[in-house]
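Have a look at the structure below, then the notes.
Where a number appears in this text, it was derived from the coordinates with a stated rule and is not lab data. Worth saying up front: this structure is predicted, and the values here are computed from it rather than measured. Note that each Cβ is placed from the backbone with ideal geometry, even for glycine, and that neighbours are counted across all protein chains shown.
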Amino acid sequence: MSAADNTPNNPTHGAPAGAAPEPSRRGFLRMGVNAVAGAAALAAALSPLRDLDPDDAPSLEEFFQKHYKEMSAEEKQAALARIAEQVRRRFKLPADRAVNVQDPPPMDGVEFVYALNVSRCIGCRKCVHACAKENNTSRSPEIQYIRVLQMQKGSIDVETSEHHYDPIKIPDHQAYYLPVQCHQCAKPPCVKVCPTEATWQEPDGITVIDYDWCIGCRYCEAACPYWARRFNFGKPQIPADELNLDMAYLSNRPRSKGVMEKCTFCLHRTRRGRMPACVEVCPTGSRKFGNVLDPDSEVAYILRHKRVFVFKEEVGTLPRFFYYFDERGSRYHEPIEVFEPGEST
């Protein structure tokens with residue numbers, strides 16, 4: 001036994017076998033220094049929040065919230081209630097306007113795809129504005145998920161397309177129109193580059209964003225070949241009387257400054273059996289949406305029988321957004337002729 005074992009300064013001297021050692025003064029001071037350093041680090045992390053508008057500053061619950069995918073059912077319900085109350089305060093809503101924030105899960109046996117008939121799109125942009133209204137995107141600065149490109153007839157070169165067209169009448173019969181939005185890729189490059197796993201692909205094929213975990217690095221925006229990601233450079237402005245109060249955590253709840261957002265196929269609607277807002281508002285029926293795993297669905301029929309192509313197929317993202325043409329009867333051709341039985345064609 002060494003002399004050190006007999007010294008009264010030994011923290012374990014005289015302690016019963018198996019007892020936890022009492023902290024020495026030096027150890028206590030070390031723990032104190034570490035605690036102060038930890039508090040200082042936390043204060044440094046929180047200090048930029050002092051400059052935020054009080055409505056934008058996250059609460060401690062938000063700041064320390066787990067990743068959405070890791071939250072229990074109880075934690076998710078608490079988060080939904082907190083978001084509803086924040087929306088009510090942010091937009092100064094009266095008591096008779098209830099905020100409904102839900103978390104509809106993916107449905108079993110469902111994989112959503114979109115099909116767009118380029119032959120019939122007239123470039124009216126009703127889809128653009130219906131999407132903005134449904135998804136609570138900022139009006140100022142304006143954020144739109146759908147871009148409608150006016151293309152030169154006979155060309156598929158998007159570099160020569162016009163996004164800000166403003167004709168006296170539409171459609172322009174010397175052009176055709178190519179709406180572009182999130183393609184909900186089966187191999188989404190945006191998911192691969194996200195450093196915080198704030199964006200991921202759900203079982204029904206929809207790529208979503210947890211706005212509370214997005215750090216605004218914009219890597220996903222750079223990776224997307226379809227220009228589908230939008231960044232909030234400023235605090236989104238939405239008139240309170242235009243706010244859509246039917247919300248979901250992973251889709252159209254109001255966002256804050258400094259986060260990314262995108263089309264989610266209106267999952268707060270589609271996971272409840274409704275169509276996306278852009279599909280419902282289209283005046284020509286150009287937009288089709290449904291479950292590709294259902295062989296009797298309209299989108300499954302289109303993929304089997306129409307002339308289908310995907311945009312930027314060469315990048316290998318395997319999009320779930322398809323374009324197709326009418327071979328006859330489109331606005332670019334003569335109407336389909338009707339023949340009587342036995343009449344020669």
*Ranked Thr207, Thr284, criterion: other C-beta atoms within 10 Å, fewest first*: Thr284, Thr207
_Need the C-alpha centroid separation for region 61-95 versus region 141-161, integer Å._
37
*Work out the length of the dipole vector of region 277-317 about its Cα centre, built from +1 on the beta-carbon of each Lys and Arg and -1 on the beta-carbon of each Asp and Glu, and round it to the nearest 20 debye.*
180
*Computed magnitude of the charge dipole of region 58-100 (debye, nearest 20; Cβ of K, R +1, Cβ of D, E -1)*: 260
_Less than 12 Å Cβ to Cβ from Asp210, Lys/Arg counted +1 and Asp/Glu -1: what total charge do the surrounding residues give?_
-2
*Tell me the chymotrypsin sites (Phe, Trp or Tyr not before Pro) within region 147-244 that lie in a loop according to DSSP and have at most 16 other beta-carbon atoms within 10 Å.*
Tyr165, Trp227, Phe233
*DSSP loop (so not H, G, I, E, B), at most 11 other Cβ within 10 Å: list which trypsin sites (Lys or Arg not before Pro) in region 57-158 pass both filters.*
Lys92, Lys153
*Using DSSP to define loop residues, name the chymotrypsin sites (Phe, Trp or Tyr not before Pro) in region 62-152 whose beta-carbon has at most 13 other beta-carbon atoms within 10 Å.*
Phe64
*Which net charge results for the neighbourhood of Met71, defined as the other residues with beta-carbon distances under 11 angstrom from its beta-carbon, given Lys and Arg at +1 and Asp and Glu at -1?*
-3
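How large is the Rg to Rh ratio of region 135-174 when both quantities use alpha carbon positions and Rh follows Kirkwood?
When Rh is taken as the Kirkwood radius, the ratio is 1.07.
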_Could you derive backbone 3J(HN,Hα) for region 71-83 from the dihedral phi with the Karplus parameters 6.51, -1.76 and 1.60 (θ = phi - 60°), listing whole Hz in sequence and x where the residue is Gly or Pro?_
6, 6, 4, 5, 5, 5, 5, 5, 5, 5, 5, 5, 5
*With 10 Å bins from 0: P(r) over region 58-100, alpha-carbon pairs, percent*: 26, 47, 24, 2
*Scan around Gln102 for amide H atoms under 5 Å from its own, H built in the peptide plane at 1.01 Å from N, and keep only partners 5 or more places away or cross-chain.*
Met247, Ala248, Tyr249
